[in-house]
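Take a look at the structure set out below.
The values are calculated or read from the model by the stated rules, or taken from the named source; none is laboratory data. Since we're looking at a predicted model, the values are computed, not measured. So basically every Cβ, Gly included, is an ideal-geometry build from the backbone, and we count neighbours across all protein chains shown. Calculation scope for accessible area: heavy atoms of the full protein, side chains included, ligands and nucleic acids excluded. Shrake-Rupley method; radii C 1.70, N 1.55, O 1.52, S 1.80 Å.
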Amino acid sequence: MNTLVIRNVRPMGSEATSVTIRNGRIADYGRNVEEGAEVLDGAGAILIPGLVEAHTHMDKTLLGMGWYRNEVGPRLIDKIENERTQRRILGIDPARQSARQAVLAASLGTTHIRTHVDVDTEVGIAGIEGVLKTRERYRDIVDIELVAFPQSGMLIRPGTVELMEKALQLGAQVVGGLDPAGIDRDPKGHLDVVFGLAERYGVPVDIHLHEPAELGAFSMELIIERTKALGLQGKVTVSHAFCLGMTDQEYVTALIDALAEARIHILTTAPASRPAPAVKRLTEAGIVVAAGSDGVRDTWGPYNNPDMLERALLVGLRNNLRRDDEVALALDTCTFGGARMMAIDDYGLQPGCWADLVLLDGETLAEAVVSRRPRKMVLKRGKVTARDGVAQVEAP
Ligand SMILES: [Zn+2]
């Protein structure tokens, strides 16, 4: 039996104790050290479950590549078309780039990632194949879930639906979608394909919905209808959902009630420059709210990094979360919220859960989020994968 004891850790910032990990899972807390066990010193660190990156695009990050000079037009379609061109010019290798992000994310305490991978008639399923390689290669440091993502639209580019099917057959675990009205300009057609694939392949749905205000609300209502009609409650996520940040509060209330009833999850990046869903209000309505970095340093924008503690800070800032319990709620979107959205089995700090753990330097949870110091230790299924902010494996 493989036993590891980490002494002097504070689960979620509570009293110091020791945690015993056996065969990759949390066995118990506060027990005497058994003979033959490996012992590590937690030095009073806060113990939290692994951070969950619930929305990113690992296949097209520019991490480790030269600086990309961004001169892209303002519309969504400008960014989409520019990216397809730049992918060729810059030689963005999905396997190499996703590996770089996987290792960096692990060093920052992320143990689970949902990544949307482009599927289109130019790249085909090369992105899926590349990220699948990374998923396999780094399976001992991070779990990666792939969404087959029709970034360039489906119905406006014939042949994409067939490629989406191929991606799902090859190992993508989630079917994605994108602005049913804004990009395909055929909301019913787009969503019928997405939900049809979900039904046929028995996979969850995660739809990028950037459409603003009433247009977004209209698409969201179509998503809610289909979720209920197909019995997909608890298996559908709407990413971004900017329409929930619109000014018509009565309409927002009605949407929140309908989302809660259909058990649809909401993913936010807590954007600084767009209307955004109100995290606390959604959580209080019983909706699972998760957080993600979205694109990390790509042709869309230069800013993001995959640090989910920083994302918690951004969620807090965007939502005016100031009290300690509110900062803890912001962090929750980057841990338990993501885990519930992705239906991760045996996640958490309870005995029996996988020992996917992060030791945070900080006085309290809120202080750890605000200071964002290098992660003292990260474990994946009971094995140390990073120390003091440095991953134990190398990136390409
Ligand atoms: Zn995205």
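For the chain, take the longest principal axis of its alpha carbons; what is the angle in degrees between that and the long axis of helix 126-137, to the nearest 10 within 0 to 90?
10 degrees
Under a crude label model (7 Å from the Cα following the beta-carbon direction), how far is residue 384 from residue 12 in nanometres?
With each label placed 7 Å out from Cα toward Cβ, I get 2.7 nm.
Which listed residue (182, 259, 27) has the Cα farthest towards the positive end of the charge dipole for the chain, taking +1 on Lys and Arg C-beta and -1 on Asp and Glu C-beta about the Cα centre?
27
For the stretch 180-280, with equal point scatterers placed on the C-alpha atoms only and solvent neglected, what are the log10 I(q)/I(0) values from the Debye formula at q = 0.10, 0.11, 0.15, 0.20 1/Å, to two decimals?
-0.24, -0.29, -0.55, -0.98
Can you give the accessible area of residue 242 in Å² (nearest 10), computed on protein heavy atoms with a 1.4 Å probe?
Here the accessible area works out near 20 Å².
How large is the helix-only mean residue ellipticity at 222 nm for the chain, computed as the sum of -39500 (n - 2.57) over DSSP H runs with n ≥ 4, divided by its residue count, in deg cm²/dmol to the nearest 500?
On the way: 12 runs with 136 residues, N = 396.
One gets -10500 deg cm²/dmol as the mean residue ellipticity at 222 nm.
Subtract the Cα-Cα distance of residue 230 and residue 137 from 0.36 nm times their separation in residues, and report this length gain in nm to one decimal.
Gain on extension, residue 230 to residue 137, equals 29.9 nm.
First compute the accessible area of the stretch 198-268 with a 1.4 Å probe, then give the percent of it belonging to carbon and sulfur atoms.
Details: 1500 of 2800 Å².
Carbon with sulfur: 54 percent of the solvent-accessible area.
So for the chain: antiparallel DSSP bridges make up what percent, rounded to the nearest 5?
Close to 40 percent.
Given Cβ point charges of +1 (Lys, Arg) and -1 (Asp, Glu) and nothing else, what value in debye, to the nearest 20, does the dipole of the stretch 169-327 about its Cα centre take? The partial results should precede the final answer.
On the way: 15 positive and 22 negative charges, 53 e Å.
For this selection, approximately 260 debye.
Report the label-to-label distance for residue 221 and residue 33 in nanometres (one decimal), using points 7 Å from each Cα along the Cα→Cβ vector.
6.4 nm
Ignoring any ligand, DNA or RNA, what whole percent of the accessible area of the stretch 112-167 comes from carbon and sulfur when the probe is 1.4 angstrom?
After summing per-atom areas, the C and S share lands at 48 percent.
How large is the accessible surface per residue of the chain, computed with a 1.4 Å probe and reported in Å² as a whole number?
41 Å²
Over 28 Å between C-alpha atoms is what I'm after, so list which of 79/280; 228/380; 60/166 land there. Before the final figure, lay out each step's value.
Values: 79/280 31 Å; 228/380 36 Å; 60/166 20 Å.
From 79/280; 228/380; 60/166, over 28 Å: 79/280; 228/380.
Per residue and in Å³, how big is the convex hull formed by the alpha-carbon atoms of the stretch 257-376?
Working: hull volume 15.9 nm³, N = 120.
Per-residue hull volume (Cα only) is 132 Å³.
What is the dipole size for the stretch 91-182, taken about its Cα centre, with +1 at each Lys and Arg Cβ and -1 at each Asp and Glu Cβ, in debye to the nearest 20?
Around 260 debye, computed over the stretch 91-182.
What are the semi-axes of the equivalent ellipsoid for the stretch 33-172, taken as the square roots of 5 times the Cα gyration tensor eigenvalues, largest first, in whole Å? Could the numbers behind the result be given before it?
Numbers: eigenvalues 236, 65, 32 Å².
After diagonalising the Cα gyration tensor, the semi-axes are 34, 18, 13 Å.
Angle, helix 94-107 long axis vs. longest principal axis of the chain, Cα atoms, 0 to 90°, nearest 10?
It works out to around 40 degrees.
Under a no-solvent Debye model with one identical scatterer per Cα of the stretch 41-116, what's log10 I(q)/I(0) at q = 0.17 Å⁻¹?
-0.77
Restricting things to alpha carbons, tell me how big the chain is in terms of Rg and Dmax, in Å.
20.6, 65
Between 0 and 90 degrees, rounded to the nearest ten: what's the tilt of helix 249-261 against the longest Cα principal axis of the chain?
Rounded to the nearest ten degrees, it is 70.
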